[in-house]
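A short write-up of the structure that comes next.
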Amino acid sequence: MTDAVLPNSAVAPAAPARRDFGLRRRHAAERRFRFYGLAAIVIGLGFLAVLLFSIVSKGYTSFVQTSITVPVEFSADIIDKDNKRATDPRVLVSANYPVVARNAVARALGISPDDKAAMRDVAKFVSDGSRATLRQIVLADPSVVGTTRPVTLLATADIDSANKGQIDLSVPEAKRKVSDKQLAWLDQLRQQGAISTPFNWGLLTFGASSRPETAGLGVALIGSLYMMGIVLLCALPIGVAASIYLEEFARKNRFTDFIEVNINNLAAVPSIVFGLLGLAVFINFFGLPRSAPIVGGFVLTLMTLPTIIIATRAALRAVPPSIRSAALGIGASKMQMVFDHVLPLATPGILTGTIIGLARALGETAPLLLIGMVAFVADAPATPLDPATALPVQIYMWSNEAERAFVERTSGAIIVLLAFLALMNIAAILLRRRFERRW
């Protein structure tokens with residue numbers, strides 16, 4: 001018995017149906033892929049938003065500081081009781097200025113200086129950092145001794161936190177650092193118009209301090225500036241020169257392959273290894289001072305070199321070969337071809353790689369900890385050989401402090417660091433767009 005043969009009209013529709021089914025599957029797969037990609041972006045942005053909100057919500061208040069403006073009596077009995085300033089100016093430097101500040105706040109609150117218990121609470125109201133403020137006023141004009149003038153003094157960190165609403169007042173008084181009496185005084189000074197919250201320039205200018213209200217990033221900013229300058233002066237010329245040699249002049253052999261592999265490996269080495277290297281070479285062998293920005297700059301230079309070399313080689317490789325051929329064809333030497341034609345066209349990529357490398361170096365902490373840049377430095381360094389610290393190290397040190405006010409300072413310092421990193425990355429984007437050429 002033979003099989004019946006179906007007509008073509010009964011078989012033909014099966015093939016288009018299979019093709020339509022496969023096309024629908026591909027379109028569905030593409031939609032799923034787009035959805036997964038969009039979901040990944042949304043999740044990443046969500047985590048970034050949570051991180052930024054956490055940092056900003058804790059740190060934005062550090063950019064304002066509670067201050068108390070009261071009439072201060074520069075009492076000669078306290079500052080210069082024996083009238084020796086004409087023969088010994090040191091008496092103006094060593095005077096008991098915190099007592100002058102406490103007496104001024106006590107008078108504004110209507111408290112007698114003889115009330116010892118109340119004066120102890122007043123001492124916790126105004127910062128000991130007022131010593132420097134009053135000393136500067138007296139040294140600038142010694143004639144103020146014996147007069148009364150309005151002066152703005154810093155409040156203590158606890159009073160500052162209370163004024164900003166960062167203290168839970170629902171807990172018992174014994175468990176708070178600010179008493180009900182001090183809160184009443186704070187309200188009284190507010191009603192007198194003596195309390196203000198100006199911009200906290202001290203966060204950017206003060207040095208290290210054990211008191212949160214007088215602790216700042218001034219030394220860390222200068223130390224980071226010194227280090228970034230050293231990294232730029234050392235890493236950029238060395239990295240660009242090495243890249244030009246490897247990409248344009250070196251022969252392709254096992255030796256150059258070995259160098260390239262090691263450069264790529266160095267870019268992935270943990271930063272703490274460079275800190276160990278800097279400790280062994282620059283401090284133990286060459287005897288450079290610990291905690292000095294010059295050592296930190298050299299260590300960060302070693303860490304940044306692979307990034308600059310890789311970025312520069314990629315920029316040189318992106319220049320079309322026709323540029324090289326045209327330059328050689330009109331009689332230029334290989335040196336002229338590289339430095340007059342190829343290198344200018346690769347400049348945008350080189351600048352971008354350099355700025356990204358500097359941004360990475362600016363945020364490093366581990367190598368700087370190993371070379372001792374965790375010292376307590378109150379005065380700004382005059383040279384790269386003087387002790388200093390850096391922004392990420394200052395953040396690390398503040399994060400280990402127990403006082404609540406340092407949490408605010410830590411988040412504020414992170415905001416400053418993120419602002420610098422954002423500016424450097426924006427500069428990289430603008431430079432690339434400014435000098436980039438499309439082929």
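Below, the figures for the structure above:
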read-out: Cut-off 15 Å (backbone N to label point 7 Å along Cα→Cβ of Ala174), residues of region 394-411; value: none
read-out: Derived scalar couplings ³J(HN,Hα) [region 293-303; Karplus, 6.51 cos²θ - 1.76 cosθ + 1.60; whole Hz; x for Gly, Pro]; value: x, 5, 5, x, x, 5, 5, 5, 5, 4, 6
read-out: The chain - percent relative contact order, Cα under 8 Å, separation 6 or more; value: 18 percent
read-out: At 1.306 mPa s and 10 °C, Stokes diffusion of region 174-214 via Kirkwood alpha-carbon radius, µm² per second; value: 125 µm²/s
read-out: Exposure of Lys334 as accessible area (Å², to 10), given a probe of 1.4 Å and all protein chains; value: 100 Å²
read-out: Computed lengthening from Val64 to Ser143, 0.36 nm per intervening residue step minus Cα-Cα distance; value: 25.2 nm
read-out: Point-to-point label distance, Leu51-Ala427, nm (Cα→Cβ direction, 7 Å offset); value: 2.2 nm
read-out: Of the trypsin sites (Lys or Arg not before Pro) in region 251-330, those whose Cβ has at most 10 other Cβ within 10 Å and which sit in DSSP loop; value: Arg251, Lys252
read-out: Structure-derived semi-axes √(5λ) of the Cα gyration tensor in Å - corresponding label in (1) 34, 23, 22; (2) 62, 35, 18; (3) 32, 27, 24; value: (2)
read-out: Shape of region 308-397, Cα gyration tensor, a/c cut at 1.5; value: prolate
read-out: Fraction of accessible area attributable to carbon and sulfur, the chain (%, probe 1.4 Å); value: 63 percent
read-out: Region 273-365: relative contact order in percent, alpha carbon pairs under 8 Å with at least 6 residues between; value: 32 percent
read-out: Ranked by how many other beta carbons lie within 10 Å on average, peptides 164-172, 342-350 from highest; value: 342-350, 164-172
read-out: Note, ³J(HN,Hα) from phi for region 279-286, Karplus 6.51, -1.76, 1.60, rounded to Hz, x at Gly and Pro; value: 4, 6, 8, 6, 9, 6, 8, 7
read-out: Distant-in-sequence amide H partners of Val126 (H built 1.01 Å from N, under 5 Å); value: Thr156
read-out: Under 16 Å from Lys116, Cα to Cα: lysines that are on another chain or at least 8 residues apart; value: Lys124, Lys181
read-out: Amide proton proximity set for Val64, modelled H, under 5 Å, gap of 5+; value: Asn200
read-out: For region 325-342 and region 173-217, distance of Cα centres in Å; value: 66 Å
read-out: 13 Å Cα-Cα reach of Lys81 towards aspartates and glutamates, excluding residues that sit fewer than 8 places from it in its own chain; value: none
read-out: Overall dimensions of region 45-173 by Cα: Rg and Dmax, Å; value: 19.1, 67
read-out: Using θ = phi - 60° and Karplus 6.51 cos²θ - 1.76 cosθ + 1.60, couplings along region 56-61 (whole Hz; Gly, Pro as x); value: 5, 5, 8, x, 5, 6
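The values are calculated or read from the model by the stated rules, or taken from the named source; none is laboratory data. Owing to the predicted nature of the structure, the values given are computational and were not obtained by experimental measurement. Cβ atoms come from the backbone with ideal geometry, glycine included; neighbour counts cover every protein chain shown. What goes into the accessible areas is simple: the full protein's heavy atoms, side chains included, and nothing from ligands, DNA or RNA. Shrake-Rupley method; radii C 1.70, N 1.55, O 1.52, S 1.80 Å.
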